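This report concerns only the one structure given below.
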């Protein structure tokens, strides 16, 4: 007769397995996070690679970064506004107006690049301050205010550029942003700093939780995440550092585009602001419930105005990148589908249209999805109309996932 020791504790679940179970539980509860955009990115990349193997060549991967850079930056700014449950329909033409200011000061006035960039960014901040003040102090809905700005800024751009003039940019520093590459050795140094810094931040968070006796992610999960970041970033640097030119003796193309570390720096900066500062916590609080935030002593009006200022300033940065890539500025800069694509990038990446939920990484992931669609369908020979249809369907799907996930997260659902 065998005796079963009922007092013997059950074997502990492996830390990684427990973390996976917890993540799946959050997904079932409606917290999808960046999962849909990551899946879309992987599936679309595999599809276009199988259809056109040139899609995953070094040269085309570098093109993907430069094609999606301006949209990613504008989408970063829009996330501040979307987190509040607001919208800015003028971000596209704000980027165009600020790019026009930059071009006029550089080409017509002969200003140095740093002064022209500063004035361009200030122009974006003033536009955002004006929009935010009207929305907050007068109480006009942001949809109406920014729609009016969308129309008015088209006229401002035309006035700045003498009703349709194309202004070429010749400043080497500005042109280098989207057209030149970082030296391979410098690229690896940036990689080491990025991975090392990320590892230090994760270690400090883990140690702080352990010191306070808080439950959460284990060391194995944290270091697995650090390893994943190191692997992905290392693969990107390795690919971009390879020679991409068909005639390297005449024109060598090695190293990541300069715009890549700019995007990474902005991503790290605004992620820190949202996650580690009182301003970021106030953004989420106001987006969750403005009235509750006001009763808690949060300066709601100031937070909302600041969000619109940041949105328009980031739109100005996006306009600078677009002007660098095109080597010129015209009345269509910031127009066409720029705004809708930027909003779509934020939503596709996982930011909620209902406010209170989203991360700065969503802008980069969503912009990557949009860039992959445009680039891959272009390689396959599809028309612009087909690209718009597919991008619109992806955006609708992302918005639907957001709405359904919020429903599932509600009690009693």
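The values are calculated or read from the model by the stated rules, or taken from the named source; none is laboratory data. Since we're looking at a predicted model, the values are computed, not measured. When we count neighbours, we look across all protein chains shown, and the Cβ atoms used for this are built from the backbone with ideal geometry, even at glycine.
The figures follow:
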{"read-out": "Scope the stretch 83-103; condition part of a helix (DSSP H, G or I) and more than 17 Å from the chain's Cα centre (by Cα); matching residues", "value": "93, 94, 96, 97, 98, 99, 100, 101, 102, 103"}
{"read-out": "Members of the stretch 161-174 that are within 12 Å of residue 107 (Cβ to Cβ) and out of contact with any strand residue (DSSP E or B) (no Cβ under 7 Å at 6 or more places or on another chain)", "value": "165, 170, 171, 174"}
{"read-out": "Yes/no for residue 213 being on the phi > 0 side of the Ramachandran plot and either surrounded by 14 or more Cβ atoms within 10 Å (Cβ to Cβ) or in the same structural domain as residue 351 (by TED's automatic domain parsing) (or both)", "value": "no"}
{"read-out": "Residue list for the stretch 153-172, restricted to those being free of Cβ contacts under 8 Å to residues at least 40 places away in the same chain and in a helix (DSSP H, G or I)", "value": "155, 159, 172"}
{"read-out": "Any hit, the stretch 63-84, residues being at positive phi and in the same structural domain as residue 288 (by TED's automatic domain parsing)", "value": "no"}
{"read-out": "Among the candidates 125, 149, residue that is over 17 Å from residue 301 (Cα atoms) and at pLDDT 90 or above", "value": "149"}
{"read-out": "Verdict on residue 175 being closer than 30 Å to residue 90 by Cα, in the same structural domain as residue 336 (by TED's automatic domain parsing) and without any contact (Cβ under 8 Å) to a residue 12 or more places away in the chain", "value": "no"}
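For every residue, the table says whether it meets (1) outside the structural domain of residue 87 (by TED's automatic domain parsing); (2) modelled with pLDDT of 95 or more; (3) out of contact with any helix residue (DSSP H, G or I) (no Cβ under 6 Å at 6 or more places or on another chain); (4) on the phi < 0 side of the Ramachandran plot.
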position: 134; (1), (2), (3), (4): no, yes, no, yes
position: 139; (1), (2), (3), (4): no, no, yes, no
position: 142; (1), (2), (3), (4): no, no, no, yes
position: 166; (1), (2), (3), (4): no, no, yes, yes
